[in-house]
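Novice: Take a look at this one; I'll ask things after.
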Amino acid sequence: MVLKYTSKRPDEELDGLQDHEAHFKGHQPADIVAVVVVSGHTVVEDMNDGQRTATVRVKQIEPVDGDDAATVRQLLRDRYAKRTGNEPLPIDEIEQPKLEIVEGGDQE
């Protein structure tokens, strides 16, 4: 079974993403971290095979930024790893090479 999503957006006062419309009109805008509340909407049963399909809707969405966004991103990484068993690569732990400016080299 595949969970489906409605295309209806949250009610005006519950849709904090609308304030960011201009952001998404730019060229390749950066991601916005948001917290979303999802609720059940409908369940449809196929009369031929008895398969049931559930549909959910986004009830509320609120963008977060700064330290809150960093906390939410960490929660997402943790929950994803717990759900899938896929751990992120420890890229932050790899020591980066240091570049030095050396005088007297070629002028290329």
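The values are calculated or read from the model by the stated rules, or taken from the named source; none is laboratory data. Predicted model, so just to flag it, every value in this text is computed and none were measured. A quick note on method: Cβ atoms are made from the backbone with ideal geometry, for glycine too, and the neighbour counts reach across all protein chains shown. Accessible surface is based on the protein model in full, side chains and every heavy atom, while ligands, DNA and RNA are left aside. Shrake-Rupley method; radii C 1.70, N 1.55, O 1.52, S 1.80 Å.
Novice: By how many nm would the segment from Asp65 to Thr6 lengthen if fully extended, with 0.36 nm per residue of separation less the alpha-carbon distance? Walk me through the numbers before you get to the answer.
Specialist: Details: separation 59, 0.36 × 59 = 21.24 nm, distance 2.63 nm.
This chain segment gains 18.6 nm when fully extended.
Novice: May I ask you to evaluate 6.51 cos²θ - 1.76 cosθ + 1.60, the Karplus curve with θ = phi - 60°, for each residue of region 8-22 and list the ³J(HN,Hα) values in order in whole Hz, giving x for glycine and proline?
Specialist: Once θ is set to phi - 60°, the couplings for region 8-22 become 6, 7, x, 4, 3, 6, 9, 10, x, 6, 4, 5, 10, 4, 4 Hz.
Novice: Counting heavy atoms of the protein chains only and a 1.4 Å probe, report the per residue accessible area for region 19-87 as a whole number of Å².
Specialist: 81
Novice: Another question, then. Can you give the accessible area of Glu13 in Å² (nearest 10), computed on protein heavy atoms with a 1.4 Å probe?
Specialist: Near enough 140 Å² of accessible area.
Novice: Taking the simple approach of a point 7 Å from Cα along Cα-to-Cβ for both Val35 and Val72, what is their distance in nm?
Specialist: About 0.8 nm separates the two model spin labels.
Novice: May I ask you to rank His20, His27, His41 by accessible area, largest first, using a 1.4 Å probe over the protein chains only? Don't skip to the end; give the middle numbers.
Specialist: Numbers: His20 60, His27 160, His41 105 Å².
Greatest to least solvent exposure: His27, His41, His20.
Novice: Under 12 Å from the Cβ of Val43, count the other residues' Cβ atoms, weight Lys and Arg +1, Asp and Glu -1, and hand me the total.
Specialist: Net charge in that neighbourhood comes out at 0.
Novice: Round to a whole number: what % of the accessible area of region 13-64 belongs to carbon and sulfur, probe 1.4 Å?
Specialist: The C+S portion of the solvent-accessible surface of region 13-64 is 49 percent.
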